[in-house]
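J.: Starting off with a structure, shown below.
The values are calculated or read from the model by the stated rules, or taken from the named source; none is laboratory data. As the structure is a prediction and not an experimental result, all values here were calculated from the model. So basically every Cβ, Gly included, is an ideal-geometry build from the backbone, and we count neighbours across all protein chains shown. With ligands, DNA and RNA removed, areas are computed over all heavy atoms of the protein, side chains included. Shrake-Rupley method; radii C 1.70, N 1.55, O 1.52, S 1.80 Å.
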Amino acid sequence: MGTREIGLPQRVPGSGLPARVTIWEVGPRDGLQNEDTIVPVEVKLEFIDRLADAGLTTIESTSFVSPKWVPQLADAEQLLAGLNRREGVRYPVLVPNERGLKRALDASCPDIAIFGSATETFARRNLNSGVEQQFEMFEAVMAGASELNVRAYLSMCFGDPWEGPVPAEQVVRAGKRLLDLGCTQLSLGDTIGVATPGQVEGLLAEFDKAGVPADRLAVHFHDTYGQALSNTLTAFRCGVSTVDSSAGGLGGCPYAESATGNLATEDLLWMLEGLGIEHGVDLDALVRTSVWMAERLGRPSPSRVVKALAG
Ligand code: HMG
Ligand code: MG
């Protein structure tokens, strides 16, 4: 018996969900920062172009960090200079410090993101600073970024490989401080992918209680334990409508070994299609892009949907 071609899921809306979500695509940054090999800038540029062709409108493209710390993204200037910037598409970049801000301004980037840690150990490992010192670094960035749209990331919101469980109050305190610096949005990172849905619901409730509504928040789940999609659905039910994901499920953090790929954008799209939530992305075009990228990287995409549709 032959199998039937199934290109899209049956559409059956769920209750208590947003009508539309914004996908913050992080593949070129979170994905490629973690590759063992350095991907040539031409390949990165084609990847970004294909992501825009597929309909993604927020594509985090690179980081202006120390090239000694992340050699994979040392070509940030070349990448920004070669970008085929499209009307209606934003290409945010990560900036840790004043040096990074200067580079971003020189490259005419209107959208940047600072990235902090909820835990001391990860702040030291990822930024070579303590939790307290990281805010001094970010204050200096914000002082020069008044013309820019600045997002904030907060890592280790749901667990830390060195410190274990991270108390919600600690996460909310650090997250509020980042927002108080003037950031437009706070993305809550499950850097090592350990969160489960009850924990997501609990943390979002704590933010709400502390006066931070869900529309100021985004979620950023790595998929180490296969929980990223259920955690994302839970966040949608709590009112979050911006979600970070990476094409083909690329991703990880070179300074947290237990971090694996992000929620795959294709896996997210399959669920959004099924729920009838608007997203504006062409799933087939994205699958073709991830297959193309997987060939460049020399290994298959970990995304279940890419495997199912490209197989
Ligand atoms: P440091 O070594 O303390 O920095 O690192 P420094 O100020 O002492 O400078 C050391 C050298 O780096 C100097 O060069 C500086 O000029 C240079 P030298 O004099 O030795 O030739 N330098 C820079 N060069 C270019 N651009 C810069 C820059 N800054 C300094 N911006 C630093 C401190 C913050 C720079 C370093 O720790 C760093 O770059 N860290 C970034 C690590 C990183 O990118 N991690 C991954 C992103 S975060 C993530 O993935 C998590 C997320 O996805 C959310 C989640 O999943 O949870 C966002
Ligand atoms: Mg990440």
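J.: State all residues of segment 147-156 that are in a loop (DSSP other than H, G, I, E, B) and either open to solvent by 10 Å² or more (accessible area, probe 1.4 Å) or within 17 Å of Trp24 (Cα to Cα) (or both); if no residue qualifies, say none.
T.: As a first pass, look at segment 147-156 and keep what is in a loop (DSSP other than H, G, I, E, B): 147-148, 156.
Answer for segment 147-156, where residues must be in a loop (DSSP other than H, G, I, E, B) and either open to solvent by 10 Å² or more (accessible area, probe 1.4 Å) or within 17 Å of Trp24 (Cα to Cα) (or both): Glu147, Leu148.
J.: Go through segment 65-77 residue by residue and tally those that are surrounded by 16 or more Cβ atoms within 10 Å (Cβ to Cβ) and in a helix (DSSP H, G or I).
T.: 3
J.: Quick check: is even one residue across segment 32-51 among the aromatic types (Phe, Trp, Tyr), open to solvent by 10 Å² or more (accessible area, probe 1.4 Å), within 25 Å of Val219 (Cα to Cα) and touching a residue at least 24 places away in the same chain (Cβ under 8 Å)?
T.: no
J.: Would you please list the contacts, defined by Cβ atoms under 8 Å and residues six or more apart or on different chains, that run from a residue in segment 192-219 that is β-branched (Val, Ile, Thr) to a residue that is open to solvent by 30 Å² or more (accessible area, probe 1.4 Å) and in a helix (DSSP H, G or I)?
T.: Hits for this filter: Thr196/Ser230; Val212/Lys176.
J.: If you don't mind, another one. Those residues that are of a type in the set (S, T, N, Q) and not in a helix (DSSP H, G or I), I need them from segment 126-146; list them, please. First the steps, then the outcome.
T.: So in segment 126-146, the residues of a type in the set (S, T, N, Q) come out as 126, 128-129, 133-134, 146.
If the condition is that a residue be of a type in the set (S, T, N, Q) and not in a helix (DSSP H, G or I), then Asn128, Ser129, Ser146 are the ones that fit.
J.: Search segment 242-257 for residues that are more than 24 Å from Leu272 (Cβ to Cβ) and at pLDDT 75 or above and pair each with any residue that is open to solvent by 10 Å² or more (accessible area, probe 1.4 Å) and within 13 Å of ligand 2 (Cβ to nearest atom) when their beta-carbon atoms are under 7 Å apart and the residues are at least 6 apart or on different chains.
T.: Tyr255/Asn126
J.: Sticking with this structure for a sec: Determine, yes or no, whether Phe115 is open to solvent by 20 Å² or more (accessible area, probe 1.4 Å), modelled with pLDDT of 95 or more and closer than 15 Å to His222 by Cβ.
T.: Judged against the criteria, Phe115 is a match.
J.: Mind listing whichever residues of segment 55-77 are closer than 23 Å to Val281 by Cβ and away from ligand 2 (no atom under 16 Å from the Cβ)? Spell out how you get there, then give the answer.
T.: Here is the first cut: in segment 55-77, the residues closer than 23 Å to Val281 by Cβ are 55-62.
Listed by number, the residues that qualify are Gly55, Leu56, Thr57.
J.: Out of Leu94, Leu56, report the one residue that is within 15 Å of the chain's Cα centre (by Cα), buried (at least 18 other Cβ atoms within 10 Å of the Cβ), of a type in the set (A, V, I, L, M, F, W, C) and more than 19 Å from Leu186 (Cα to Cα). Before you say what the answer is, go through the steps one by one.
T.: Numbers: Leu94 fails: more than 19 Å from Leu186 (Cα to Cα).
None of the others qualify; the one that does is Leu56.
J.: Test of understanding: among Ala152, Ala168, Ala205, Ala210, which residue is within 12 Å of ligand 1 (Cβ to nearest atom) and over 30 Å from Ala308 (Cα atoms)? Give the derivation first.
T.: On the way: Ala168 fails: within 12 Å of ligand 1 (Cβ to nearest atom); Ala205 fails: within 12 Å of ligand 1 (Cβ to nearest atom); Ala210 fails: within 12 Å of ligand 1 (Cβ to nearest atom).
None of the others qualify; the one that does is Ala152.
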